[in-house]
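The values are calculated or read from the model by the stated rules, or taken from the named source; none is laboratory data. All values reported here derive from a predicted model rather than from experimental measurement. Neighbour counts run over all protein chains shown; Cβ positions are idealised from the backbone, glycine included.
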Amino acid sequence: MNIRGFITEYLNMSRYVALGTLDGILAVMGVTLAASGVASAGGLEIPNYIIGLTGLSGGIALALSNSFGSFIGERSEEVRNIRELEEKMMLDEGKLDDTLIHQQAKRRIYMSMFTHGFSSFIGSFVPVMPFLLIADRLTATITTVILCFTALIILGIYLGKVSRESLLRTSVEIVLIGILISVVSFLIGGSH
């Protein structure tokens with residue numbers, strides 16, 4: 001498969017692009033904002049890059065978890081579908097293994113695994129980059145929030161386009177989710 005075909009197949013797995021990117025942005029934004037709030041509220045002199053690395057480690061863990069979670073979930077669905085097909089065709093269990101149907105199922109499993117994990121990983125960079133590059137805590141925090149909400153709007157437009165729904169409504173829904181998570185993270189981080 002060429003790179004163009006791979007990218008097309010990746011983008012066609014919009015459910016995993018959306019889930020992974022949203023997870024990466026929002027979960028890691030929550031971690032970085034909470035860590036920043038704890039450090040600031042406690043008067044701790046923790047450099048911003050430590051907060052950024054904390055968020056990035058959470059993003060890597062999230063990407064791996066999402067990747068293997070997709071593998072396990074998709075594999076169980078695909079195997080069930082193949083077994084049901086064998087039953088309908090009155091074949092013994094396992095007769096469709098190593099057939100084109102089986103190979104296509106394996107491809108879908110691995111593509112979902114890659115797409116969900118990679119999208120989570122890429123999404124996690126949005127909230128951590130300001131903390132890795134900007135020394136001032138307030139500037140890094142504001143930049144993180146702006147970048148995250150910009151990324152959420154772009155994700156909302158992408159999802160609205162894929163689902164053929166209102167781009168505005170989809171973007172607003174995703175931004176509202178982001179606001180909720182930001183407020184919860186800030187309250188938890190700032191309460192110490």
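Sort through LEU19, LEU53 and tell me the only one that's within 23 Å of LEU176 (Cα to Cα) and outside any loop (DSSP other than H, G, I, E, B).
Testing whether each residue is within 23 Å of LEU176 (Cα to Cα) and outside any loop (DSSP other than H, G, I, E, B) leaves just LEU19.
Considering SER166, SER112, which residue is farther than 25 Å from GLY43 by Cα, without any contact (Cβ under 8 Å) to a residue 12 or more places away in the chain and small (Gly, Ala, Ser)?
On the way: SER112 fails: without any contact (Cβ under 8 Å) to a residue 12 or more places away in the chain.
Checking each option against the conditions leaves just SER166.
Look through ILE134, ILE146 and report the one residue that is β-branched (Val, Ile, Thr), surrounded by fewer than 12 Cβ atoms within 10 Å (Cβ to Cβ) and more than 16 Å from the chain's Cα centre (by Cα). Please lay out each step first, then the result.
Numbers: ILE134 fails: surrounded by fewer than 12 Cβ atoms within 10 Å (Cβ to Cβ).
From the options ILE134, ILE146, the qualifying one is ILE146.
Being in contact with an Asp or Glu (Cβ under 6 Å, 6 or more places away or on another chain), among the aliphatic types (A, V, I, L, M) and either more than 28 Å from ILE153 (Cα to Cα) or touching a residue at least 12 places away in the same chain (Cβ under 8 Å) (or both) is true for just one of ALA63, ALA105. Which residue is that?
On the way: ALA63 fails: in contact with an Asp or Glu (Cβ under 6 Å, 6 or more places away or on another chain).
Among ALA63, ALA105, only ALA105 is in contact with an Asp or Glu (Cβ under 6 Å, 6 or more places away or on another chain), among the aliphatic types (A, V, I, L, M) and either more than 28 Å from ILE153 (Cα to Cα) or touching a residue at least 12 places away in the same chain (Cβ under 8 Å) (or both).
State yes or no: is GLY24 modelled with pLDDT of 90 or more, of a type outside the set (Ser, Thr, Tyr) and under 13 Å from the mean Cα position of the chain (by Cα)?
yes
Please go through (1) at pLDDT below 90; (2) under 27 Å from ALA61 (Cβ atoms) for MET113 and return the number of the only condition it doesn't satisfy.
Every condition holds for MET113 apart from (1).
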